[in-house]
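Participant: Dumping the structure here so I can ask a few things about it.
Derivation of every value follows stated rules applied to the coordinates shown; laboratory data play no part. Since the structure is predicted, the reported quantities are computational estimates derived from the model, not experimental observations. Quick reminder, even Gly has a Cβ in these numbers, built from the backbone with ideal geometry, and neighbours come from all protein chains shown.
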Amino acid sequence: MDRGKLTNSMIITILLPIMFLLVMCFHYIPKVLHEVIGVAWLVLVGVHLYQKRQWFKGLGKGNWNPLRVIGTVINILLIAVVLVAVLAGLGISNHLLKDIMPLEIQRSITIHQYHVSLPYLILIVSGIHWGLHWKGWITQWKKALNVELSPLIGRIMGALLGVAVLAVGVYGSFLNRVGDRLLMKHIFATEATNETGVVYALLMCGIMGIYVLIGKAVAAFLKRN
C-alpha cells in the first residue's frame, strides 16, 4: 500500500463514521468517554467542513441540476442536525460541562430527547450523503490502496455486500425502533441494546448502509437522466 497517496481529507472522511458509530454505542462505553468522543467528533466535522470550504464558495456558481440540488439540501440538513444533536448533548452533559450548564438545561426533557433521537436522523442523512459521493470516494481509496478488481468480481462483491447490508440494516432498524426514535418517542433501551457491543455496532453500520445504497441509487439514476 502506498501510504503517500492517502490524503488528510480521505483520513478525516473515514474517521467521521467510525467515531460517530463509537458515539452511538454509548450503552457500552463510560459516559465520560462518550462525551469526549462526541466533542472530538464535532471537531472532526469542523475540519471536514474546512477541507470542503470550496463547496461553500461555489454555492452561487454553476448550474443547478437535480443531483446538485439534492446534494446541497442533504448537506445543509446534515450540518444542521449534527449541530443540534451535539449542542443538545453538551447541554445535558454529566461530565465535561456539568458545572457550567444551567440546571434547567441539564434537566430539560426536550433537549434530552433531541440528543437521543437526532443521531438516528444523522445515520440516515449521512448515509445518503455518503452514497451520493460514493463513486468518487471509492475510486480514491482504490487508487490509494492500489486495489484493482475485475468488473465481474466487483459486481459480485457489490451485490453480496448490498444484500448483507440490507438484511442487517432492516433487522437493525426494527430491533432499534428507528421509526419511533425519529418520531421523538421517549426510548432509552431497545432489544438491540441487549446485544453485545460488536453486534450493536454492526446493526448501526447496517442502518447507515441502507441509506448509503439509497444515495448511490439516486446518484446513479440522476446521472443517467
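Participant: Give me the angle, in degrees from 0 to 90, between the Cα long axis of helix 151-175 and the longest principal axis of the Cα atoms of the chain, rounded to the nearest 10.
Facilitator: Approximately 20 degrees, to the nearest ten.
Participant: Would you mind pulling out the separation of the Cα centroids of the range 1-63 and the range 168-225, in Å?
Facilitator: Here the answer is 19 Å between Cα centres.
Participant: In the range 36-137, with Lys and Arg counted as +1 and Asp and Glu as -1 at Cβ, which of these residues, Ala40, Val73, Gly58, has the Cα nearest the positive end of the dipole, that is, farthest along it?
Facilitator: It is Gly58.
Participant: Relative contact order of the chain, please, whole-number percent, based on alpha carbon pairs below 8 angstrom and at least 6 residues apart. Write out the running numbers ahead of the final one.
Facilitator: Numbers: 207 pairs, mean separation 59.7, N = 225.
Once normalised by length, the contact order is 27 percent.
Participant: Looking at the range 138-215, which chymotrypsin sites (Phe, Trp or Tyr not before Pro) are in a loop (DSSP not H, G, I, E or B) and have at most 14 other Cβ atoms within 10 Å? Display every interim value, and only then the final one.
Facilitator: Numbers: sites: Trp141, Tyr171, Phe174, Phe188, Tyr200, Tyr211; in loops: Phe188.
Loop-located and lightly packed - Phe188.
Participant: Now, a different point. Could you tell me which of Ile214, Val198, Leu183 has its Cα farthest along the dipole of the range 120-216 towards the positive end, charges placed at Cβ (Lys, Arg +1; Asp, Glu -1), taken about the Cα centre?
Facilitator: Ile214
Participant: Obtain the nm distance between the two label points defined at Ile14 and Trp64 by a simple spin-label model: each point lies 7 Å from its Cα along the Cα-to-C-beta direction.
Facilitator: 3.6
Participant: Work out Dmax and Rg for the chain from the C-alpha atoms and quote the Rg first, both in angstrom.
Facilitator: Expressed in Å, the Cα Rg and Dmax of the chain come to 18.7, 60.
Participant: Given the options Leu166, Leu183, Leu78, which has the most mean-square fluctuation in a GNM of the chain, springs set between C-alpha atoms less than 10 angstrom apart?
Facilitator: Judging by the Gaussian network model, the answer is Leu183.
Participant: Calculate one ³J(HN,Hα) per residue across the range 135-147 by plugging θ = phi - 60° into the Karplus curve 6.51 cos²θ - 1.76 cosθ + 1.60, and present them in order as whole Hz with x for glycine and proline.
Facilitator: Whole-Hz 3J(HN,Hα) from phi for the range 135-147: 4, x, 5, 5, 5, 4, 6, 5, 5, 5, 8, 6, 9.
Participant: I'd like the FRET efficiency for Glu191 and Trp141, computed as 1/(1 + (r/R0)^6) with the beta carbon distance as r and R0 of 45 Å, rounded to 0.05.
Facilitator: Values: r = 34 Å, r/R0 = 0.76.
Computed FRET efficiency for Glu191 and Trp141 comes out at 0.85.
Participant: Let me spell out the model: positive unit charges on the Cβ of Lys and Arg, negative unit charges on the Cβ of Asp and Glu, origin at the Cα centre of the chain. What dipole size does that give, in debye rounded to 20? Don't jump to the answer; show the numbers that get you there.
Facilitator: Values: 20 positive and 8 negative charges, 197 e Å.
The calculated dipole for the chain is roughly 940 debye.
Participant: Do any trypsin sites (Lys or Arg not before Pro) in the range 159-225 lie in a loop, going by DSSP, with at most 16 other beta-carbon atoms within 10 Å of their beta carbon, and if so which? If you can, show how the numbers build up before the last one.
Facilitator: Numbers: sites: Arg177, Arg181, Lys185, Lys216, Lys223, Arg224; in loops: Arg177, Lys185.
Counting only loop positions with at most 16 other Cβ atoms within 10 Å, the trypsin sites (Lys or Arg not before Pro) in the range 159-225 are Arg177, Lys185.
Participant: Rounded to the nearest 500, what is the chain's calculated 222 nm mean residue ellipticity when only DSSP H runs of at least 4 contribute -39500 (n - 2.57) each, over all residues?
Facilitator: Details: 10 runs with 166 residues, N = 225.
Dividing the helical sum by the residues of the chain leaves -24500 deg cm²/dmol.
Participant: For the pair Val32 and Ala220, what calculated FRET efficiency results from E = 1/(1 + (r/R0)^6), where r is the Cβ-Cβ distance and R0 = 45 Å, to the nearest 0.05?
Facilitator: Details: r = 43 Å, r/R0 = 0.96.
With R0 = 45 Å, the Cβ-Cβ based efficiency is 0.55.
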